[in-house]
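Novice: Just dropping this structure here.
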């Protein structure tokens with residue numbers, strides 16, 4: 001089991017990310033609103049699992065490992081504090097640390113992705129992990145914008161000038177994650193939309209980043225496949 005995790009660390013991270021993305025709205029739907037503490041506790045567990053697998057995936061060097069563990073530990077603590085306190089300060093601190101952590105993980109994963117010399121299952125998993133983490137990263141940025149400027153993103157669950165941003169974090173987090181992936185994939189349904197100049201430019205930046213990543217990724221994987229094919233022909 002340990003050897004599988006080591007060899008396919010990005011595949012394990014991909015499974016954790018998929019679980020977080022799929023389970024988040026299910027938890028929000030299945031667990032009643034009266035049990036909001038259970039909702040947030042379950043999301044905290046899923047988030048912690050994703051953090052641990054992400055640290056394991058990018059720990060190619062000792063410096064990267066300790067750096068990721070340090071930021072990841074702070075992110076988990078901030079998530080626990082945010083769940084317990086329900087204050088906007090804790091909410092902002094959590095999403096700031098989460099954005100920093102995911103940004104670091106994305107950079108380290110991209111470095112490993114472009115350092116590899118052959119296409120394997122874990123290489124494809126790493127590319128998918130980066131793409132999915134970009135969506136979670138941007139959802140944290142949108143959460144911060146939503147706190148700073150109420151109504152910057154319209155159509156979110158429970159959105160009202162009289163409602164505190166931290167009052168139902170589960171619903172809003174799921175809504176922001178949905179909006180982030182709709183933007184990243186350029187689907188643009190229009191049910192959740194940015195209304196302020198900064199949130200609009202943030203959405204445009206995310207959609208451009210997503211498209212550029214896919215273009216560069218496909219070119220990289222095709223190049224590696226061609227190079228590997230030529231090496232096999234030369235050996236023959």
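Throughout, read-outs are computed from the coordinates displayed, never taken from laboratory work. Keep in mind it's a predicted model, so treat the numbers as computed, not measured. In this analysis, Cβ positions are derived from the backbone assuming ideal geometry, glycine residues included, and neighbour counts consider all displayed protein chains.
Novice: Calculate, in nm to one decimal, what residue 219 and residue 198 gain on full extension: separation in residues at 0.36 nm each, minus their alpha carbon distance.
Specialist: Full extension from residue 219 to residue 198 adds 4.4 nm.
Novice: Can you divide the C-alpha Rg of the stretch 71-214 by 2.2 N^0.38 Å and report the result to two decimal places?
Specialist: The reported ratio for this selection is 1.10.
Novice: Modelling each spin label as a point 7 Å along the Cα-to-Cβ direction, I'd like the residue 226/residue 26 distance in nm, to one decimal.
Specialist: Going from the residue 226 label point to the residue 26 one covers 4.2 nm.
Novice: Please express the Cα-Cα pair-distance distribution P(r) of the stretch 12-93 as a list of whole percents, one per 10 Å bin, running from 0 to the bin with the greatest distance.
Specialist: Taking all Cα pairs of the stretch 12-93, the binned fractions are 18, 40, 32, 8, 1 percent.
Novice: Any idea how far apart residue 48 and residue 208 come out in nm if each label point goes 7 Å out from Cα toward Cβ?
Specialist: Spacing of the two 7 Å Cα→Cβ label points: 4.0 nm.
Novice: Listed highest first by mean packing, meaning other Cβ atoms within 10 Å per residue, what order do 214-221, 143-150 come in?
Specialist: Descending mean neighbour count gives 143-150, 214-221.
Novice: Okay, moving on. Starting from 0.36 nm per residue, how many nanometres of slack lie between residue 88 and residue 185 once their C-alpha separation is accounted for?
Specialist: Gain on extension, residue 88 to residue 185, equals 32.0 nm.
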